[in-house]
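Have a look at the structure below, then the notes.
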Amino acid sequence: MIVRDRLNPTARDLPKSGIRKFFDLANTMEGVISLGVGEPDFDTPWHIRAEAIYAIEKGYTFYTGNMGLIELREAICDYQRRRFGLEFDASQVLMTSGASEGIDLVFRAILEPGDEVILVSPTYVAYSPLVTLAGGVPVFLDAKEETGFKVTKEMLEEAITDKTKMLFLNYPGNPTGGVMTKEDYAELVPLIKEHELFVVYDEIYAELTYEGKHCSIASFDEIKDQVILMSGFSKAYAMTGWRMGYLIAHPDVIHAFLMIHQYAQMCPSTISQYAALEAAKNGDDDIEMMAKQFMMRRNFIVNGLNRIGLKCHMPKGAFYVFPSIAATGMTSEQFCEELLKDQKVAVVPGNAFGSAGEGYVRISYAYSIDEIKEALARMEAFLRNKGYLK
Amino acid sequence: MDEMMLLEALEQNARLKVTDLADILNSSEDEVRKTIDRLKKDKVICGYHTVINWDKAHKEKVVALIEVNATPERDKGYDSVAEQIVKYPEVSSLYLMSGKYEFTVIIKGKTMREVAEFVGSKLAPINGVKGTVTSFVLKQYKIEGVLLDEQKASQTRLKVTP
C-alpha cells in the first residue's frame with residue numbers, strides 16, 4: 001500500500017507552518033540568540049505550581065466533568081467580572097486544553113462546508129489551517145501597519161458575503177501587537193449584528209495591554225449572543241505548558257462545543273485545572289508584575305530597533321514587535337535567513353503569518369533586557385555589514 | 001517619567017546605563033539623569049550594591065545574624081543604642097525588632113573570629129546592650145531576591161514557537 005495515497009488529502013497537503021521551517025533551521029545552529037519565541041520567559045509563579053503539586057499529593061488525578069471543574073469555571077467568571085467588568089454564568093464557560101483546542105472547536109462546531117471565516121492578516125498561524133480542516137473557507141482582511149493593524153468598518157463591509165459565518169479577531173494580536181479600542185469595535189458592531197455573524201474573540205493576550213484598558217467585544221450587549229470569547233492561562237500567568245484555555249459563549253453555542261469536546265478531549269488535565277484555579281483566584285499580582293516587565297522590554301526594544309533603522313511603531317499589546325524590513329529590499333525569509341547565518345539571531349519571517357506579513361519580521365520581547373540588548377547589537381552589526389546602516 | 005518604573009528597573013539591575021534606562025522608560029537620557037540625581041539627593045536611591053555569594057568567594061568569610069537585647073533610654077528610646085551600633089563599619093544592617101529581642105544586627109564578609117571579636121569587644125560592652133545571641137549562616141540560597149546557583153527553567157524553551 002502506498003500510505004501517502006490513502007491519507008486525507010486536506011490534512012496531508014496543508015502547507016507546513018513557516019515558523020516550523022524556520023525553527024528547524026535555527027535549531028541546528030549553535031550559539032543562536034533567539035527572539036523567536038511566542039511564550040513568556042517567566043517561570044510559572046510558585047504558588048500556582050505548588051497547587052498543582054498538592055493536587056497530585058491529594059490524588060486529584062481523575063477525569064473532571066467534561067465542562068471542567070465547577071470551582072474553576074466560577075473563578076473564571078469572578079476574574080472576568082473583576083478584571084474586565086463582564087458578567088457570565090459558569091454554565092457558559094467550557095475549559096479546553098489550551099486555547100488551541102478552543103480554536104479547533106469553534107470552527108468544527110459552527111462551520112458548514114463552504115462557510116467563510118474572516119481572518120485578519122497578518123494572523124496567528126493556527127487559524128487558517130483549522131478553518132480549512134473544518135471545511136470552511138478562510139477569507140483574509142489585510143490589516144495595515146499605518147492603522148495599527150486594526151479592522152475598520154470599510155474593510156469588514158467589503159469582505160462580508162452571503163457565505164460569511166464568522167469574524168475571527170485576536171487583539172492584542174500575535175504577531176503584530178495591535179490593539180483595538182471600544183470605539184474601534186463600536187464601528188463593527190452594527191455590521192456584525194446585521195449580518196448575524198459569530199465573532200470569535202481570541203483574547204489570550206488581554207492582560208498584556210500597555211496603554212489604556214483592554215476592551216472585549218463581548219462587552220457590547222447588542223451582539224452578546226454572537227460573541228465567543230476565547231482565552232486561557234498561557235500568556236497572562238506564564239503557563240504555556242499547562243495547556244489551560246477556555247471558551248465563553250451563549251449556552252446553546254457552548255452545548256455544540258461540548259458535543260465535540262466530550263468525545264475528542266473529555267476534559268483538560270485535572271492537575272492543570274487545579275493550578276489554573278489558584279491562578280484565577282490569587283494571580284492578579286503575578287499578572288501585573290509580568291505585564292510591567294513586558295512593558296519595559298517593549299519600550300527598550302522598540303527604541304533600540306528604531307535607532308538601528310528598523311522602523312516600527314510602539315505596539316500596544318502582547319509581546320511582539322512587527323517592524324518593517326522594506327528598507328533592506330529583502331523578502332522576510334531572506335532577511336531572517338541571512339540574519340541567522342550572519343549573526344545567529346533568530347526572528348520569525350512576517351510571511352509566516354500570511355501574505356500581509358511580507359516585508360515584516362516578528363520579534364518577540366519575551367526575553368531579559370540583557371538578551372534583547374545582545375540581539376540588538378548583533379542586528380545592528382548585520383545591517384551595517386549589509387550596508388543598510390551607515 | 002514613571003519614577004516607580006525607574007526604581008524597579010534599577011533595583012533589578014543597577015548596572016543599566018542611562019541610555020538603556022531612557023529606552024526602557026521611553027524617556028530622554030537627560031530626563032533620566034536628572035531624575036536619578038534627584039532621587040539620590042532625596043536619599044530614595046541610597047546606594048548600588050553587588051550581590052555576592054561569600055560562600056563561593058571566600059571560604060573563611062561568613063554571614064552572622066546577631067540578636068541584641070537592649071534597654072531603652074529615657075526620651076530617646078532605643079535610638080541612642082542604635083546610633084552606637086550603626087557606627088561600626090562591621091555592621092551591614094541593623095533593624096529594631098518587635099518580639100523577644102530588640103535589635104537584629106547583620107554582619108557580612110567577616111571571618112568567624114572577626115565576628116566573635118566584634119561582639120565581645122565592641123557590641124556587647126555598649127551602654128544599654130544587655131545580651132547578645134550570635135548565629136552564623138550555614139548556607140545561602142537567596143540574597144536580595146537573587147537565587148544563587150539558579151538554573152533558569154526558561155532556557156528549556158524551544159528557540160522558535162508560534
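The values are calculated or read from the model by the stated rules, or taken from the named source; none is laboratory data. Keep in mind it's a predicted model, so treat the numbers as computed, not measured. Because the Cβ atoms are built from the backbone with ideal geometry, glycine has one as well, and the counts that use them run over all protein chains shown. All accessible areas refer to the heavy atoms of the entire protein, side chains included, with ligands and DNA or RNA removed. Shrake-Rupley method; radii C 1.70, N 1.55, O 1.52, S 1.80 Å.
Here are a few things to note about the model shown:
- Verdict on A:Phe107 being part of a helix (DSSP H, G or I) and in contact with a Leu (Cβ under 6 Å, 6 or more places away or on another chain): yes
- A:Lys21 meets all of the listed conditions (1) surrounded by fewer than 12 Cβ atoms within 10 Å (Cβ to Cβ); (2) at the interface with chain B (Cβ under 10 Å from one of its Cβ atoms) but one, namely (1).
- Exactly one residue out of A:Gly387, A:Gly309, A:Gly359 is surrounded by fewer than 24 Cβ atoms within 10 Å (Cβ to Cβ) and in contact with a strand residue (DSSP E or B) (Cβ under 9 Å, 6 or more places away or on another chain): that is A:Gly359.
- Scanning region A:329-350 for residues that are in a helix (DSSP H, G or I) and surrounded by fewer than 20 Cβ atoms within 10 Å (Cβ to Cβ) gives A:Glu333, A:Gln334, A:Glu337, A:Glu338, A:Lys341, A:Asp342, A:Gln343.
- Residues that are assigned to a helix (DSSP H, G or I), more than 10 Å from every other protein chain (Cβ to nearest Cβ) and either over 28 Å from A:Ser216 (Cα atoms) or in contact with a Leu (Cβ under 6 Å, 6 or more places away or on another chain) (or both) occur in region A:36-46; there is at least one.
- Flag for B:Asp2 being of a type in the set (D, E, K, R), open to solvent by less than 30 Å² (accessible area, probe 1.4 Å) and within 14 Å of chain A (Cβ to nearest Cβ): no
- If the condition is being open to solvent by 100 Å² or more (accessible area, probe 1.4 Å) and of a type outside the set (D, E, K, R), then region B:116-162 contributes B:Asn127, B:Leu138, B:Tyr141, B:Gln151, B:Gln155, B:Thr156.
Here is a yes/no grid of residues against (1) outside the structural domain of A:Gln273 (by TED's automatic domain parsing); (2) in contact with a Pro (Cβ under 8 Å, 6 or more places away or on another chain); (3) polar (S, T, N, Q):
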site	(1), (2), (3)
A:Gly65	no, no, no
A:Glu74	no, no, no
A:Cys77	no, no, no
A:Gln80	no, no, yes
A:Arg83	no, no, no
A:Gln92	no, yes, yes
A:Thr96	no, yes, yes
A:Glu101	no, yes, no
A:Ser121	no, no, yes
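- Conditions (1) touching an Asp or Glu at 6+ places or on another chain (Cβ under 8 Å); (2) within 14 Å of another protein chain (Cβ to nearest Cβ); (3) not hydroxyl-bearing (Ser, Thr, Tyr): number failed by B:Val51: (2)
- Taken together, the criteria exclude A:Gly38 from residues that are surrounded by fewer than 16 Cβ atoms within 10 Å (Cβ to Cβ), at negative phi and of a type in the set (Gly, Ala, Ser).
- From the list A:Asp184, A:Asp225, the lone residue that is open to solvent by less than 40 Å² (accessible area, probe 1.4 Å), under 20 Å from A:Ile160 (Cα atoms), in the same structural domain as A:Ile254 (by TED's automatic domain parsing) and of a type in the set (D, E, K, R) is A:Asp184.
- Of all residues in region B:45-66, those satisfying the criterion of being more than 17 Å from the chain's Cα centre (by Cα) and more than 15 Å from B:Ile143 (Cα to Cα) are B:His58, B:Lys59, B:Glu60.
- Residue within region B:80-90 that is open to solvent by 60 Å² or more (accessible area, probe 1.4 Å), without any contact (Cβ under 8 Å) to a residue 40 or more places away in the chain and in contact with a strand residue (DSSP E or B) (Cβ under 8 Å, 6 or more places away or on another chain) present: yes
- Selected residue (criterion: farthest from A:Glu371 (Cα to Cα)) from residues of region A:41-57 that are of a type in the set (A, V, I, L, M, F, W, C) and surrounded by fewer than 15 Cβ atoms within 10 Å (Cβ to Cβ): A:Ile56
- Among the conditions (1) within 17 Å of B:Val105 (Cβ to Cβ); (2) without any contact (Cβ under 8 Å) to a residue 40 or more places away in the chain; (3) of a type in the set (Gly, Ala, Ser), the only one that B:Ala64 does not satisfy is (2).
- Test: residue in region A:14-22 that is at pLDDT 90 or above and assigned by TED's automatic domain parsing to the domain that holds A:Ile372: yes
- Any hit, region B:16-37, residues being assigned to a loop (DSSP other than H, G, I, E, B), modelled with pLDDT of 95 or more, open to solvent by 50 Å² or more (accessible area, probe 1.4 Å) and over 22 Å from A:Lys292 (Cα atoms): no
- Test for A:Val302: is it in contact with a Lys or Arg (Cβ under 8 Å, 6 or more places away or on another chain), of a type in the set (Val, Ile, Thr) and at pLDDT 95 or above: no
- Residue pairs whose Cβ atoms lie under 8 Å apart, separated by 6 or more positions or on different chains, with the first residue in region B:106-129 and under 20 Å from B:Thr71 (Cβ atoms) and the second open to solvent by 70 Å² or more (accessible area, probe 1.4 Å), are B:Ile126/B:Gln84; B:Asn127/B:Gln84; B:Gly128/B:Pro72; B:Gly128/B:Glu73; B:Gly128/B:Gln84.
- If the condition is being open to solvent by less than 10 Å² (accessible area, probe 1.4 Å) and not in a helix (DSSP H, G or I), then region A:268-291 contributes A:Pro268, A:Gly283.
- Residues in region A:60-80 that are in a helix (DSSP H, G or I), open to solvent by 50 Å² or more (accessible area, probe 1.4 Å) and in contact (Cβ under 8 Å) with a residue 60 or more places away in the chain: A:Glu71, A:Asp78.
- In region A:81-99, residue least open to solvent (accessible area, probe 1.4 Å) [restricted to those that are part of a helix (DSSP H, G or I) and touching a Gly at 6+ places or on another chain (Cβ under 7 Å)]: A:Gly98
- Strands (runs of 3 or more DSSP E) contained entirely in region A:120-236, each with at least 1 residues that are of a type in the set (D, E, K, R) and either touching a residue at least 24 places away in the same chain (Cβ under 8 Å) or farther than 28 Å from A:Leu94 by Cβ (or both): A:137-142, A:164-169, A:198-202
- Consider region A:142-159 and keep the residues that are of a type in the set (Lys, Arg) and open to solvent by 60 Å² or more (accessible area, probe 1.4 Å). The one that is modelled with the highest pLDDT is A:Lys153.
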